[in-house]
Amino acid sequence: MKRILYLIAFTLLLGSQALQAQIGRNPINLNDPNEISYLDPKNYIIGGVRVTGTQYLDTDVLITISKLVVGQYIEVPSEQTANVVKTLMGQNLFDDVQLYAERIQNDETIFLEIRVQERPRLTRIDIEGLKKGETEEVRKRLNANAGKIVNENLIKTTRATIQKFLREKSYLYPNIEVKTLKDTAQANNEIVVVNVEKNKKIKVHRVHFDGNEEFSDKQLRKALKGVKPRRWYRIFGPGKFKDEKYKEAKEKMIAKMQDKGYRDAEILADSVVRYDNNEVDVYIHLHEGPKYFLGDVSWSGNSKYSDSVLNIILGMEKGDVYSEEKLHTKLSGPTRNSDDISALYQNDGYLTFNIQPVIKRILNDTVDLEIIVSEGKQFTINNVVVKGNDVTNDRVVLRSIYTKPGQKFSRALLMQSVREISQLGMFDEQKINPMPTNLNYEEGTTDLLYTIAEKPSDQVELSGGYGAGQVIGTLGLTFNNFSTSNFFKKDAWKPLPRGDGQKLSIRGQTSGKRYQSYSFSFSEPWLGGKKPIYFGLSAYTSSSSFGGFNWYTGRQMVADSELNRIWMTGVTATLGKRLRWPDNYFQINTSLSFQRYKLQNYGGYFLFDNGTAYNMNITQEISRNSIDAPIYPTSGSHIRFSVQLTPPYSAWNNIDYQNDPDDVRFKWTEYHKWKFDSQWYTKIAGKLVFKAQAQFGYLGNYTNRTQTSTFERFKLGGDGMMGFDFLQGSEIIAMRGYQNGAIIPETTGRDSERIAISSGSPIYTKYQMELRHPVMLNDQATVFVLAFAEAGNTWNKFSEVNPLKLRRSAGVGARIFLPIFGMLGIDYGHAFDPIPGMQSSQWKQNFTFSILQNMGGF
């Protein structure tokens, strides 16, 4: 036994001496078991540490990471020396790390060397198989700057980022291959090359439900909005599968089940399984639970209103299906008519009102509730402050705000103020944010801060078109925030004085000498600045001629006196007032207008060929506008009714309307004109908006002595834009799918067809339905697509009116609103009903373009 111990001791002594001797000659790898022996470890003082093999990394940082500190003891070899290599390799920066003992001094001090081989650096990432825009988006997400370490983490991150991006686009099963190539231009650099095969976008093949007993598969699929198998009849169906939509759909489906009383309903498990290369099956395992009903409801904390009043507003009785969604809506809103309990209190000044339902007991299928009311104090508005209007004067915004200092706080007036500010058209509707500030609980006062963001509201119209055998150019400028008070201030002209909310519009249209039209309008919504009294002034002049010009030679073929000509001039002044009854949405306007029509050789288009006619009329209009936004309405209505009257000259003059000359019979235009227009907007699903519109117009005469006026008639069909026909004294009503003014009464004979087409009809009706869905809603642009169906017709007299016999059309379109250009539109419409006596090319119009159209249709 003693011999064995001596032998071991002798071997260790020789090993230690050999280690020191070898270090004296060459550095030794302390992690190589072939070069060192762990049987005789020895403690040394670290005399120095250096790092070799680095190109980009800081050696001092690497020494710190290695935890090798000069002056400290280290056991060589040991687990401590092994951990140096493990720690540095764990940084994922190196392909190889080795620890060497360079030399030993005085048998107690050791000098160490860390040899590293850095991993290659990234030159760039090349992505193949994606479109240019997709590649740019992926690069932004990768944030792959040159110089990064090329390691497994970079490759995994690149693959995962691209996969996530494609999954958002419904490419659920792409093939992504990532490889690295040496960069011959730079040493120790690599290029990461990604080959992407997107494959097909994935749709939903079928949705399978399990565990449902009370709810049928059909009901659940209907509630699973956004994740439905694509069918031919789903024009706006979701079709493509997206994770985000799927998550939202599951939440909505469970909410729908809970709304029916199944408050314990939940999804126990779900999975998305690949069906084929183009589709997936969705499997959802449900737990319905029992159906619950409302039991006893008790109130606590209420002193302003009694339990019986609150129960009436709650609208839920014992034995009703227990619906948490309905409960919270009736307690805290917001409801469509602001008939929730929170609105009851907050519209009466209780700004800090809070209400909380608590389940007291669940007995079998019955839920007893206690509703805890915290009324708080009534708050009075101290100050109203507007922030964010850099150009518009404060008074323009403040006069549209219904919450005034000294009034009790009201949530309803706050929301109505937001609507009124958005109706100004000078601020971004999405960024109007009212906020109570500086609440003083002791005195019960609060300030209201309206934060707004101005947007460009001035518009320019520059267009050209071909129609009626001529090229027509149009230039129009509209300034929607004009200021007359700054008119004589030199510094305010940028390029025109702005800030008072007035509107100034100038428009010119011409095709040269053959046709010219110029118009001007100005409006002030608050005449005098103290009351909402509207004042408007507009004027126009136009002239058109044809019949003697040779467009090929550019020469006049006949004298000016032989040309067919019409001159029109008019001026209109309007006064209006916002009404407080029946509600604040009503407006009444009164207009006085004077027009002059002068005709020269204009036979076949009006009831007379030569002479001058005057039209002096007064118009009374009442309207109600409750839409929530002027550009893209989602709720509310806009209803307008107007009556336009001329004096009944035939009641007192002695003119013989059958035999007297034209310049006597038609000198003073006589008629009464009635118009009705109504629109409704409502959200039907998500952001999908439904619009319905009905229009009616009638032009009549006072007595049988006179014929129906040749002016002020209605022309149905086309784009509805103010153009050549409008300036001939007719009102154009848009109807897509048909040519401008093509819809004429069936009783129009061949001889008078030309007159009917040019001057219009005395009676019309039109109905419209639209489905709208936004593509982009922000202050830079508003874009939405639509599908429409329209029906309308015209008649010569009331006895011919048949509201069920209409000309129909349907189609799709898109609208783009740019602040500087206004609303631009394109529609494709298909007309279903031919016009008797016309060729298809004369009455059909598939594509319709519109510029600066008012979205209200007025």
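General remarks:
- Calculated on alpha-carbon atoms, Rg and Dmax of the stretch 380-451 in Å: 12.0, 39
- Neighbour counting of Cβ atoms within 10 Å sorts the residues E429, E113, fewest neighbours leading, into E113, E429.
- Our estimate of slack between K131 and N43, defined as 0.36 nm per intervening residue step minus the Cα-Cα distance, is 25.4 nm.
- Computed on the Cα atoms alone, the convex hull of the stretch 121-197 gives a volume of 82 cubic angstrom per residue.
- Across the stretch 380-388, coupling constants 3J(HN,Hα) worked out from phi with the 6.51/-1.76/1.60 Karplus curve, θ = phi - 60°, read 10, 6, 8, 10, 10, 10, 10, 10, x Hz, and Gly and Pro carry x.
- Förster radius 60 Å - calculated FRET efficiency between I533 and S303 (Cβ-Cβ, nearest 0.05): 0.85
- Our estimate of slack between R159 and S216, defined as 0.36 nm per intervening residue step minus the Cα-Cα distance, is 16.4 nm.
- Positive minus negative residues near E770 (Lys, Arg vs Asp, Glu; Cβ under 12 Å): +2
- Take the Cα radius of gyration of the stretch 31-134 and divide it by 2.2 N^0.38 Å, N being the number of residues; the result is 1.43.
- Amide N of the stretch 258-278 lying under 19 Å from the label point, which is placed 7 angstrom from the Cα of E325 along Cα→Cβ: 258-268
- Kirkwood hydrodynamic radius of the stretch 232-321, from inverse mean 1/r over distinct Cα pairs, in Å: 17.0
- Ranking of F482, F696 by count of other Cβ atoms within 10 Å, fewest first: F696, F482
- Net length gained if the chain between E108 and Q356 were fully extended (0.36 nm per residue, minus Cα distance): 81.7 nm
- In this simple spin-label approximation, V70 and T54 carry label points 7 Å from Cα along the Cα→Cβ vector, and these lie 1.4 nm apart.
- A crude spin-label estimate for the pair E177 and E317, with each label 7 Å from Cα along the Cβ direction, gives 7.2 nm.
- The stretch 73-103 residues near the modelled E35 label - backbone nitrogen below 12 Å, point 7 Å along Cα→Cβ: 98-103
- Helix-derived mean residue ellipticity, 222 nm - over the chain, DSSP H n ≥ 4, -39500 (n - 2.57), to 500: -5000 deg cm²/dmol
- For Rg/Rh (Cα atoms, Kirkwood Rh), calculated from these coordinates, the label among [x] 1.00; [y] 1.05; [z] 1.15: [z]
- Note on the stretch 121-197: dipole from Cβ charges, positive end direction compared against V178, V193, Q163; the farthest Cα belongs to Q163.
- Charge sum, other residues only, whose C-beta stays under 11 Å from S850's C-beta, Lys/Arg counted +1 and Asp/Glu -1: 0
- Cα pair distances of the stretch 781-821 binned at 10 Å [whole percent]: 23, 28, 23, 19, 6
- Cα-Cα over 24 Å, subset of K377/K404; K245/K360; K42/K67; K387/K455; K240/K687: K245/K360
- Whole-Hz couplings from phi, Karplus 6.51/-1.76/1.60, listed for the stretch 784-789; x for Gly and Pro: 8, 10, 8, 10, 9, 9
- Rounded, prolate or oblate (a/c below 1.5 giving rounded, otherwise prolate when a/b exceeds b/c) for the stretch 335-475 by Cα gyration tensor: oblate
- The simple spin-label model puts a point 7 Å past each Cα toward its Cβ; for E370 and V385 those points are separated by 4.1 nm.
- Annotation: lysines with alpha-carbon distance below 22 angstrom to K179 (same-chain offsets under eight excluded): K131, K132, K140, K148, K156, K164, K198.
- Distant-in-sequence amide contacts of R263, defined by a placed amide H-H separation under 5 Å and a gap of 5 or more residues or a different chain, comprise Y292.
- Acute angle (nearest 10 degrees) that the helix 243-259 long axis makes with the longest principal axis of the chain, alpha-carbon atoms: 70
Each value in this text was obtained by applying a stated rule to the coordinates, not by laboratory testing. Computed from a prediction, not measured in an experiment: that's the story for all the values here. When we count neighbours, we look across all protein chains shown, and the Cβ atoms used for this are built from the backbone with ideal geometry, even at glycine.
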